[in-house]
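Contents: one structure, followed by commentary.
The values are calculated or read from the model by the stated rules, or taken from the named source; none is laboratory data. Because the structure is a prediction, the values reported are computed rather than measured. No Cβ is skipped: glycine too gets one built from the backbone with ideal geometry, and neighbour counts run over all protein chains shown. These area figures cover heavy atoms from the full protein model, side chains too; ligands, DNA and RNA do not enter into them. Shrake-Rupley method; radii C 1.70, N 1.55, O 1.52, S 1.80 Å.
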Amino acid sequence: MPINTQQLKQWKQQGRPIVALTAWDYAIAQLLDAAGVDLILVGDSLSVILGYETTLPVTLEEIIHHAKAVKRGIKRALLVVDLPFLTYQESISQAMQSAGRVLKETGAQGVKLEGGYPAMIDIISRLVQAGIPVLGHLGLTPQSIHQLGLKQQGKTPQTADLIFHQAIALEQAGVFALVLEHIPSHLAVKITKELSIPTIGIGAGQECNGQILVTSDVLGLSEKQPPFAKVYTDLRQEITKAVEKYALEVRNHHF
Ligand code: KIV
Ligand code: NA
């Protein structure tokens with residue numbers, strides 16, 4: 001049975017963790033879906049695969065192109081797509097147009113938007129009222145890299161308090177779940193206990209209601225990983241070995 005956004009709240013009540021990963025094409029999506037991943041995100045971390053240094057250059061066209069391919073590989077997982085930098089921050093109407101295009105053109109069930117400041121709460125609340133499921137994202141929000149860097153957020157009592165209250169505001173605005181990126185685990189625990197929607201952590205400790213990682217990090221395809229990523233296999237090395245072996249065999253007329 002395909003997973004829907006409503007189910008995830010029940011899973012939180014049942015204590016069933018959400019397994020989430022990112023995907024960028026049909027082949028990866030098919031493998032993740034078949035392996036039982038519950039939520040697949042076409043994140044703007046797509047930047048890694050496209051060779052951009054940050055997530056900022058990713059366009060709506062690019063993410064839609066990749067999300068369509070990912071959707072074709074999914075039978076069961078919930079598909080969520082990031083709205084890229086400056087395709088939703090400007091106004092409710094801009095966000096509605098971008099999210100609308102993503103849902104209509106890719107078949108995704110939801111979109112993810114970064115931030116929980118008052119103007120973003122308004123934008124998210126209007127998307128939700130229009131029937132667009134929204135996944136929130138607080139803590140380290142990479143689209144603000146030029147303001148925040150890539151360091152852990154919520155380390156001081158003031159910033160922790162701000163994130164905590166933004167989390168509550170996002171739940172009230174109607175997000176179906178909340179990604180918490182690179183914050184202290186005690187803060188993630190506090191938010192997870194306070195909210196009735198699930199939290200999905202990335203570098204936020206083990207107590208969130210689910211975990212997400214960037215698949216290119218997990219597989220060792222990224223050139224460098226953030227400190228909180230866990231690398232489960234080294235595909236860069238595997239691919240290099242395979243290609244070198246092939247090249248050698250071609251040059252030796254063994255293949
Ligand atoms: O773009 C992305 O992959 C993300 C996850 C890290 C949550 O936003
Ligand atoms: Na992202």
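Numerical summary
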quantity: Loop trypsin sites (Lys or Arg not before Pro), the stretch 171-234, which have at most 14 other Cβ atoms in a 10 Å radius of their Cβ (DSSP); calculated: LYS224, LYS230
quantity: Cα→Cβ-extended label distance, 7 Å offset, between ALA242 and GLN172, nm; calculated: 5.1 nm
quantity: Residues of type aspartates and glutamates that LYS155 reaches as a straight line, Cα spacing below 16 Å, ignoring anything fewer than 8 places off in the same chain; calculated: GLU181
quantity: Cα-based reach from LYS104 at 20 Å (exclusive), listing aspartates and glutamates while leaving out same-chain residues under 8 positions away; calculated: ASP25, ASP44, GLU61, GLU62, ASP82
quantity: The chain - percent of accessible surface contributed by carbon and sulfur, probe 1.4 Å; calculated: 55 percent
quantity: Estimated FRET transfer efficiency (ASN252, ARG72; beta-carbon r; R0 45 Å; 0.05); calculated: 0.70
quantity: Separation of the LEU56 and THR233 label points, Cα + 7 Å toward Cβ, nm; calculated: 3.5 nm
quantity: On Cα atoms only, tilt of 157-173 relative to the major axis of the chain in degrees; calculated: 90 degrees
quantity: Solvent accessible area, Å² - GLU244, 1.4 Å probe, full protein context; calculated: 120 Å²
quantity: The stretch 97-181: trypsin sites (Lys or Arg not before Pro) in DSSP loop, at most 12 other beta carbons within 10 Å; calculated: LYS151, LYS155
quantity: Filter on LYS71/LYS230; LYS151/LYS193; LYS71/LYS112; LYS12/LYS151; LYS112/LYS224 - keep pairs with C-alpha separation over 19 Å; calculated: LYS71/LYS230; LYS151/LYS193; LYS12/LYS151; LYS112/LYS224
quantity: Sequence-separation-based contact order of the stretch 84-133, relative, with Cα cut under 8 Å and 6+ spacing, percent; calculated: 38 percent
quantity: Spatial separation of Cα centroids for the stretch 226-255 and the stretch 102-141, in angstrom; calculated: 38 Å
quantity: Gyration tensor (alpha-carbon) shape descriptor, the stretch 1-141, a/c threshold 1.5; calculated: oblate
quantity: Nearest 10 degrees, 0 to 90: helix 60-72 Cα axis against the chain principal axis; calculated: 70 degrees
quantity: Per residue solvent-accessible surface (Å²) - the chain, probe of 1.4 Å; calculated: 50 Å²
quantity: Under-5 Å amide H pairs with ALA177, H placed in peptide plane, nonlocal only; calculated: GLY136
quantity: Loop GluC sites (Glu not before Pro), the stretch 82-125, which have at most 15 other Cβ atoms in a 10 Å radius of their Cβ (DSSP); calculated: GLU90
quantity: Rounded accessible area of LEU162 (nearest 10 Å², 1.4 Å probe); calculated: 100 Å²
quantity: Inter-label distance for TYR117 and ARG16, nm, one decimal - labels placed 7 Å from Cα along Cα-to-Cβ; calculated: 3.9 nm
quantity: Accessible-area ranking of PHE255, PHE85, PHE164, largest first, probe 1.4 Å; calculated: PHE255, PHE85, PHE164
quantity: The stretch 152-167-the stretch 26-52 distance, computed between alpha-carbon centres (Å); calculated: 29 Å
quantity: Relative contact order (%) - criterion: Cα under 8 Å, at least six apart; region: the chain; calculated: 17 percent
